[in-house]
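Let me begin by presenting the structure, written as structure tokens, before commenting on it.
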Ligand code: SAM
């Protein structure tokens with residue numbers, strides 16, 4: 001089937017391009033053993049996030065949706081020693097697993113996990129007058145993506161890159177009356193982004209070990 005082939009190609013590219021990585025492999029094992037859902041980014045998607053962060057010289061990264069810290073490790077490793085990554089997670093169990101995984105990867109010093117509803121944490125970050133983030137990765141509950149985009153804009157500067165994951169929903173994103181809160185949230189998000197004159201956006205469909213999905217790359221320009 002096509003899905004088998006996408007998975008096989010992903011396995012080929014992963015074995016070719018990504019050397020064994022004990023800390024990341026261990027993070028996946030710990031997350032699985034703890035019973036976390038395996039909804040983290042794929043290794044190659046993690047590498048893409050890492051390269052994006054590195055190529056823009058990111059020093060401050062915001063992640064919305066930590067899970068077991070797998071994407072967090074990829075992103076944190078792109079930071080200079082004095083860089084900072086703030087990651088937002090609702091589930092205390094996920095945050096505890098992430099804390100263990102971040103320590104295992106040696107990046108704890110650069111990462112702050114803010115526990116609670118991301119909307120509350122984002123409001124707090126804005127209240128604290130945090131300096132703008134260089135890269136923001138949106139990867140939490142889909143119905144809140146429109147609100148996450150508003151906060152991301154508030155926490156941005158011209159040049160900030162916003163990456164939003166899971167925008168394709170196996171193709172259901174084209175259904176205008178899906179009755180699915182995730183699809184509807186994602187459509188409202190994309191429409192909001194499309195209408196925002198301060199940003200410029202690309203959106204790509206992806207296939208691979210994570211099935212059929214996609215992500216948006218949003219550059220804040222003003
Ligand atoms: N970025 C992670 C990775 O690739 O390794 C995966 C994140 S997972 C797709 C989404 C996470 O968002 C889950 O851990 C979930 O508990 C968290 N989440 C869901 N709703 C949330 C909310 N309202 N505020 C903060 N986190 C939330």
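All of the numbers you see were taken from the coordinates with simple rules; none came from a lab. A quick note: this is a predicted structure, and the numbers were derived from the prediction, not measured. In this analysis, Cβ positions are derived from the backbone assuming ideal geometry, glycine residues included, and neighbour counts consider all displayed protein chains.
Here the contact order of the chain, divided by its residue count and restricted to Cα pairs under 8 Å and six or more residues apart, works out to 19 percent.
Counting beta carbons within 10 Å around each of 82, 165, 91 and listing the fewest first gives the order 82, 91, 165.
Quick check: from the Cα gyration tensor, does segment 31-145 come out rounded (a/c under 1.5), prolate or oblate? Note, shape of segment 31-145 comes out rounded.
For residue 205 and residue 11, calculate 0.36 nm times their separation in residues minus their Cα-Cα distance, and state this gained length in nm to one decimal.
68.0 nm
Net length available on complete extension from residue 150 to residue 129 is 6.0 nm, with 0.36 nm assigned per residue and the Cα-Cα distance removed. Counting every other Cβ atom within 10 Å of each residue's Cβ, 74, 151 order from fewest to most as 151, 74. With R₀ set to 35 Å, the beta-carbon distance separating residue 109 from residue 177 gives a calculated FRET efficiency near 0.15.
Every helix of 4 or more DSSP H residues in the chain counts as -39500 (n - 2.57), and over all residues that averages to -13000 deg cm²/dmol at 222 nm.
Based on every Cα atom in the chain, Rg and the maximum pairwise Cα distance Dmax equal 16.7, 51 Å.
When DSSP beta bridges are restricted to pairs lying wholly in the chain, around 45% turn out antiparallel. A full extension of the chain between residue 3 and residue 38 corresponds to an added length of 10.9 nm, given 0.36 nm per residue minus the alpha carbon distance. With neighbours defined as other Cβ atoms within 10 Å of a residue's Cβ, the residues 196, 184 order from fewest to most as 196, 184.
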